[in-house]
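Peer 1: Below: one structure in structure tokens.
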2 protein chains.
Amino acid sequence: MNRQAKCQSQCPIARATFEIGDRWYLLILRELSMGSRRFDEIAAQTGFSSHLLSVRLKRLEADGVIERRKYQDRPVRYEYYATPKGKELDGVLLQLRAWGAKWGGYPKASKPAVKLVHKVTRAELDPRGPLPSLNGFSFDDYDATLSPAFEAEREERRKAFAVKRGKSA
Amino acid sequence: MNRQAKCQSQCPIARATFEIGDRWYLLILRELSMGSRRFDEIAAQTGFSSHLLSVRLKRLEADGVIERRKYQDRPVRYEYYATPKGKELDGVLLQLRAWGAKWGGYPKASKPAVKLVHKVTRAELDPRGPLPSLNGFSFDDYDATLSPAFEAEREERRKAFAVKRGKSA
């Protein structure tokens with residue numbers, strides 16, 4: 001499965017958006033950057049059906065953007081991680097964060113959904129402040145703390161997911 | 001028409017991707033950043049049908065990402081421009097360019113599809129080199145020169161578009 005072969009444009013923006021230009025892929029990468037590793041948690045937080053999430057994870061894996069690591073044998077279960085290629089999209093996510101914070105229009109958000117503090121310098125990366133250098137930028141270099149409101153939102157999604165799963169089981 | 005009201009997440013990445021997380025929107029913004037202003041040229045270069053392009057331009061306009069400016073009265077014709085909100089996605093496009101150049105796998109591209117040279121410093125912005133500061137980054141600050149291969153690709157699309165239009169007229 002080599003999807004890249006389908007985009008033959010000279011333009012690297014066209015090639016990049018061909019591969020990851022779909023909000024769901026970026027949201028999956030956001031989940032991985034936040035440390036979500038398990039299928040169910042990613043399903044809950046993205047709102048995907050199991051089928052669609054499975055298809056999309058396979059596509060990201062085929063594209064070399066994420067990788068699976070087995071953590072259990074019976075039944076076989078995998079955790080999902082961004083590859084180096086996938087991690088290099090952290091800068092794109094950071095910019096979307098800044099853009100969304102400035103233009104996304106969500107007045108209720110009085111503080112950042114995720115507070116990012118650099119592990120070494122302890123400087124906070126304010127989504128409305130200036131961007132750091134994005135050469136080699138990685139969320140791995142930051143401690144992340146979720147705001148109570150965002151934590152509540154995510155917990156609500158977990159509950160909704162559990163209810164849905166209970167109904168379909 | 002206020003689509004933003006539909007994404008109530010605390011997460012600015014979710015809100016941003018809700019608005020522009022579709023490859024076609026990014027490709028439309030790429031066209032605008034390259035100076036394409038006319039409907040037909042954008043249609044030719046994105047490969048959209050007139051109907052779909054029209055719907056998507058209206059959506060971007062409703063979201064405040066682009067604006068129309070009338071350039072002709074009979075018949076009424078508009079040119080399309082990125083708004084300040086839209087221009088602030090130039091940094092995202094630049095990062096996708098860098099990522100696509102590094103990971104997008106297009107061996108035939110021996111030189112950049114678009115050579116970007118800063119209007120003041122005359123420094124070239126190599127897609128495989130380090131990123132400049134993305135605070136306030138704008139393609140407007142660069143002279144763009146298309147490679148012969150990319151120019152040929154774009155000319156081919158114009159021809160294909162003209163043929164398609166001829167057939168449907």
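The values are calculated or read from the model by the stated rules, or taken from the named source; none is laboratory data. Here the structure is a predicted model, which is why all the values come from computation and not from measurement. FYI the Cβ positions are ideal-geometry reconstructions off the backbone, even for glycines, and counts take in every protein chain you see. Surface accessibility is based on the protein's heavy atoms, side chains included, excluding ligands, DNA and RNA. Shrake-Rupley method; radii C 1.70, N 1.55, O 1.52, S 1.80 Å.
Peer 1: Can you tell me which residue within the range B:9-60, out of those that are part of a helix (DSSP H, G or I) and touching a strand residue (DSSP E or B) at 6+ places or on another chain (Cβ under 6 Å), is nearest to A:CYS11 (Cα to Cα)?
Peer 2: Keep residues of the range B:9-60 that are part of a helix (DSSP H, G or I), which gives B:12-20, B:23-33, B:39-46, B:50-60.
When the remaining residues are screened for being touching a strand residue (DSSP E or B) at 6+ places or on another chain (Cβ under 6 Å), the result is B:32, B:60.
Details: B:LEU32: 14, B:LEU60: 22 Å.
It comes out as B:LEU32.
Peer 1: Right, something else. Going through the range B:61-108 one residue at a time, which ones are part of a helix (DSSP H, G or I), in contact with an Asp or Glu (Cβ under 9 Å, 6 or more places away or on another chain), within 18 Å of A:GLY104 (Cα to Cα) and open to solvent by less than 70 Å² (accessible area, probe 1.4 Å)?
Peer 2: Across the range B:61-108, the qualifying residues are B:GLU61, B:LYS85, B:GLY86, B:ASP90.
Peer 1: Do you know which residues across the range A:56-105 are of a type in the set (D, E, K, R) and within 13 Å of another protein chain (Cβ to nearest Cβ)?
Peer 2: Just the residues of the range A:56-105 that are of a type in the set (D, E, K, R), to begin with: A:56, A:58-59, A:61, A:63, A:67-70, A:73-74, A:77, A:79, A:85, A:87-88, A:90, A:97, A:102.
Hits for the range A:56-105 are A:ASP63, A:LYS85, A:LYS87, A:GLU88, A:ASP90, A:ARG97, A:LYS102.
Peer 1: If you scan the range A:118-137, which residues turn out to be under 18 Å from the mean Cα position of the chain (by Cα) and either surrounded by fewer than 14 Cβ atoms within 10 Å (Cβ to Cβ) or more than 14 Å from A:GLN95 (Cβ to Cβ) (or both)?
Peer 2: Result: A:GLY136, single match.
Peer 1: If you go through the range A:1-8 one residue at a time, do you hit one that is within 11 Å of chain B (Cβ to nearest Cβ), part of a loop (DSSP other than H, G, I, E, B), over 30 Å from B:ARG157 (Cα atoms) and touching an Asp or Glu at 6+ places or on another chain (Cβ under 8 Å)?
Peer 2: Quick first cut of the range A:1-8, residues within 11 Å of chain B (Cβ to nearest Cβ) only: A:2-5, A:7-8.
This time we only want the ones that are part of a loop (DSSP other than H, G, I, E, B), so: A:2, A:7-8.
Those left that are additionally over 30 Å from B:ARG157 (Cα atoms): none.
There is no residue in the range A:1-8 that is within 11 Å of chain B (Cβ to nearest Cβ), part of a loop (DSSP other than H, G, I, E, B), over 30 Å from B:ARG157 (Cα atoms) and touching an Asp or Glu at 6+ places or on another chain (Cβ under 8 Å).
Peer 1: Out of the residues in the range A:24-45 that are of a type in the set (Ser, Thr, Tyr) and under 12 Å from A:TYR80 (Cβ atoms), state the one that is least open to solvent (accessible area, probe 1.4 Å). Break it down into steps so the answer makes sense when it comes.
Peer 2: First, the residues of the range A:24-45 that are of a type in the set (Ser, Thr, Tyr): A:25, A:33, A:36.
Applying the additional criterion that residues be under 12 Å from A:TYR80 (Cβ atoms) yields A:33, A:36.
Numbers: A:SER33: 38, A:SER36: 10 Å².
Of everything passing the filter in the range A:24-45, A:SER36 is least open to solvent (accessible area, probe 1.4 Å).
Peer 1: Can you tell me how many residues within the range B:132-154 are outside any strand (DSSP E or B) and of a type in the set (Ser, Thr, Tyr)?
Peer 2: From the range B:132-154, those outside any strand (DSSP E or B) are B:132-141, B:147-154; that's our starting set.
Filter once more, keeping what is of a type in the set (Ser, Thr, Tyr): B:133, B:138, B:147.
Residues meeting the conditions: 3.
Peer 1: For the structure I just gave you, tell me whether B:GLY21 is at the interface with another protein chain (Cβ under 9 Å from one of its Cβ atoms) and under 21 Å from A:LEU89 (Cβ atoms).
Peer 2: On the way: at the interface with another protein chain (Cβ under 9 Å from one of its Cβ atoms): yes; under 21 Å from A:LEU89 (Cβ atoms): yes.
Yes.
Peer 1: So, in the range B:36-62, of the ones that are small (Gly, Ala, Ser) and without any contact (Cβ under 8 Å) to a residue 60 or more places away in the chain, which residue ends up nearest to B:ALA152 (Cα to Cα)?
Peer 2: As a first pass, look at the range B:36-62 and keep what is small (Gly, Ala, Ser): B:36, B:43-44, B:47, B:49-50, B:54, B:62.
Then keep just the ones that are without any contact (Cβ under 8 Å) to a residue 60 or more places away in the chain; that gives B:36, B:49-50, B:54.
Working: B:SER36: 16, B:SER49: 21, B:SER50: 23, B:SER54: 26 Å.
Filtering first and then ranking leaves B:SER36.
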